[in-house]
Number of protein chains: 2
Amino acid sequence: MRFMNISAVLSSPSAPDDRALASGVDAGSPAAVAGDEEYSPRQREVLDAVLRLLVEEGDGFSVAAVARAASCSKETLYKWFGDRDGLLTATVRWQASKVRMPKLPSEGLTRESLSEALSSFAASWLTVISGELSIALNRAAVSHAGSNRSRLGEIVLTNGPVAMARRLEPLFLAGRSAGLLTFDEASEAFRAFFGLVIADTQIRVLLGETGRLDDSEISARAKAATDRFLTLFG
Amino acid sequence: MRFMNISAVLSSPSAPDDRALASGVDAGSPAAVAGDEEYSPRQREVLDAVLRLLVEEGDGFSVAAVARAASCSKETLYKWFGDRDGLLTATVRWQASKVRMPKLPSEGLTRESLSEALSSFAASWLTVISGELSIALNRAAVSHAGSNRSRLGEIVLTNGPVAMARRLEPLFLAGRSAGLLTFDEASEAFRAFFGLVIADTQIRVLLGETGRLDDSEISARAKAATDRFLTLFG
DNA sequence: CATGTACCGTACCGTACGGTACGGTGTCAA
DNA sequence: TTGACACCGTACCGTACGGTACGGTACATG
């Protein structure tokens, strides 16, 4: 079993060749977040263009640039999304709706399958977190947080750490039921797992530290974090 | 022993009543960062005004607002700092130069004193990270990272996680020499400690999650993180 | 006193950008 | 064919803001 994607409001580019959406994903279940039906196909094209601009230039692109990149008129943009913040918000919601969570096992858990599930989850998470799109979206959301003009921060928070926690909780509880884990609060276990996996990775990439994290490094860190987590809570 | 402050380019307000600069700090040693002599007293007043604006309005304040708040002319600002980015950069460097690291014990370590040192350090760190000034500076730095216009990200990175790691390394090494800790690379131990202490706290506050972390909560988390760290590496 | 320096306050300039208006085109339906 | 509609492209408007210029004041120096 291999998880290729993860929530976090931050998957990867939206191009059809995007490996992060390729396989191993449960696209069947109705999304908890804003459904796919929220935006028309043409609108999705526009929002994907915004995502590209966001990655290339960061927040700070002009509405005119969006119109140019998406071959649509500014008037249409304002008609559809109200204002620039609305456009940005719609973009983040659109990206969030694209993300599908990987399935996590919840029955017949053994120490090995639990470890494997956690490790795969951690690796996907690290991959997502260090991706261009995740970085761009988180930067935008961080910039906008603290001014009440938009709710980007809230949306990214909900689809990032909060969604992760909700996703992992059943696995943790199943692990505890199976006698494989020990903890009082699932939230405590989640915080520890989050910390061990992410550590300073996210803040460093957000602050612009270059130096790609290659796949072997990611696997190694995911494995180490999982082992440590199981040492603490196993 | 009690640590009242910490690096991280993110201490606390610069007002004279600022408790974070009040005591328990080794202000004697020459700073590794830009020295105090870099800016004139009047310039420091201006930069402190910028820090206040940064906390109140975030990045996005106008240069005119700075001039107003600091009772100085825009012309002087441009003469001293070149342009808006120069002003912002100077502000971050000025804040970094203000921060003084707490002393960490390095000899006569016992398991108890090591645990106490780590726990105090962790508590200070959490306090700093969740402070208004830290949040404002990190938000600004994250926003500017990724566009090559300024080096804010690099500066905050250097004075944040990197400075933390350098500061903790001697303690870790001393702990290992004293037979209290086991690890291959100090950087590995640091990442784990960082993750256990900070976890999702920083990204959550940067994304705008409200809900203050009170002192008891901070102490509890610091203690828990330290215990877990010692479980893994002790 | 004369001169120079450093600064404040304000007015000014250019431009970039958010937002609006409008003419032109393709499509669909009666 | 005619009209309604949705949309594109472009021109336009208002304003906010980065950056510059300039007059006026305090002070220091000879």
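Indicate the gyration tensor shape class of segment A:70-181 (rounded, prolate or oblate), computed on the Cα atoms with a ≥ b ≥ c the square roots of the eigenvalues: a/c under 1.5 is rounded; otherwise a/b larger than b/c is prolate and the rest oblate.
Prolate, because a/c is 1.5 or more and a/b exceeds b/c.
Peptide A:64-75 has a mean of 0 when you count, residue by residue, the C-beta atoms of other protein chains within 10 Å of its C-beta.
Of all lysines in the structure, those lying under 23 Å Cα to Cα from A:Lys103, and not within fewer than 8 positions of it along the same chain, are A:Lys223.
Take each peptide in A:131-142, B:96-107, count the other Cβ atoms within 10 Å of every residue, and average; sorted highest first, the result is A:131-142, B:96-107.
Across segment B:109-115, coupling constants 3J(HN,Hα) worked out from phi with the 6.51/-1.76/1.60 Karplus curve, θ = phi - 60°, read 5, 10, 4, 5, 5, 4, 4 Hz, and Gly and Pro carry x. Among the residues of B:190-197, the average count of other protein chain beta-carbon atoms within 10 Å of the residue beta-carbon is 6. The peptide list B:211-221, A:146-156, put in order of mean Cβ contacts within 10 Å with the highest first, becomes A:146-156, B:211-221. Annotation for segment A:202-234 versus segment A:84-99: alpha-carbon center distance of 28 Å. Computed from backbone phi with θ = phi - 60° and the Karplus coefficients 6.51, -1.76 and 1.60, the 3J(HN,Hα) list for segment B:134-141 is 4, 4, 4, 5, 5, 4, 4, 5 Hz; x is used for glycine and proline.
Backbone geometry of segment A:149-156 corresponds, through the Karplus equation with coefficients 6.51, -1.76 and 1.60 at θ = phi - 60°, to 3J(HN,Hα) couplings of 5, 9, 10, 4, x, 4, 5, 5 Hz, x marking Gly and Pro.
Since every read-out is calculated from the coordinates, none of them should be taken as a lab result. The structure displayed is predicted, hence computed values, not measured ones. Cβ atoms come from the backbone with ideal geometry, glycine included; neighbour counts cover every protein chain shown.
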